[in-house]
Amino acid sequence: MRIEPKETPMNLTLVPTLWRRFVAVLESLQPVAQLAARLYVAHAFFLSGLTKIRDWDTTLALFSDEYHVPLLPPGLAAVMGTGGELVLPVLLALGLAGRFAALGLSVMNVVAVLSLAEIAPAALQQHQFWGSLLIGLALWGPGLLSLDRLIAPRFRVATT
């Protein structure tokens, strides 16, 4: 009596192959997702900085009366906050010093939430979303579509 080896059903070999291809497609989209995250967060913070600089008197009043930034006098907090909202988003969007920009904006994001006595649930949710994107960018870097990736080899700096 001869025992024939059982053939592996086609679907058992097909599933891992399809899964590997699917994962490869997802991984190929990572640079685009990192760029989209950088641009999304940078846009939000940069617009906030532009709003502050357009009406400096109101900005100073807000930092004196509404925003209670710990450890900083209101005038200095206004200058640092506005400067950060104008410079760090540009760096983040370009992916230049991308991790530094993401960490800097993360700190600003946390300070913004902590500085308000009351924050609307929708606003808090928006800050949490920005924070999660920024932490992801800080942990995994600005990606292949960044100036960091372009210039890092010249300076022998690791970007990943």
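The values are calculated or read from the model by the stated rules, or taken from the named source; none is laboratory data. The shown structure was predicted, so the numbers you read here are calculated from the model rather than taken from an experiment. Heads up, the Cβs are rebuilt from the backbone with ideal geometry, glycines too, and the neighbour counts pull from every protein chain shown. Areas reflect the complete protein model, heavy atoms only, side chains present, ligands, DNA and RNA absent. Shrake-Rupley method; radii C 1.70, N 1.55, O 1.52, S 1.80 Å.
Of the residues Ala24, Ala93, the single one that is touching a Phe, Trp or Tyr at 6+ places or on another chain (Cβ under 9 Å) and in a helix (DSSP H, G or I) is Ala93. Inclusion of Ala122 among residues that are among the aliphatic types (A, V, I, L, M), over 15 Å from the mean Cα position of the chain (by Cα) and open to solvent by 60 Å² or more (accessible area, probe 1.4 Å) is warranted.
Please find, among Gly95, Gly84, Gly49, Gly104, the residue that is of a type outside the set (A, V, I, L, M), on the phi > 0 side of the Ramachandran plot and modelled with pLDDT of 95 or more.
One residue alone meets the criteria, Gly95.
For the stretch 52-99, the set of residues classified as within 13 Å of Ala112 (Cβ to Cβ), without any contact (Cβ under 8 Å) to a residue 40 or more places away in the chain and either open to solvent by 70 Å² or more (accessible area, probe 1.4 Å) or touching a strand residue (DSSP E or B) at 6+ places or on another chain (Cβ under 9 Å) (or both) consists of Ala77, Ala78, Met80, Gly81, listed by residue number. If I ask for residues that are open to solvent by 70 Å² or more (accessible area, probe 1.4 Å) and either closer than 16 Å to Asn109 by Cβ or in a helix (DSSP H, G or I) (or both), which ones from the stretch 27-45 would you list? Correct list: Glu27, Ser28, Gln30, Val32, Leu39, Tyr40, His43.
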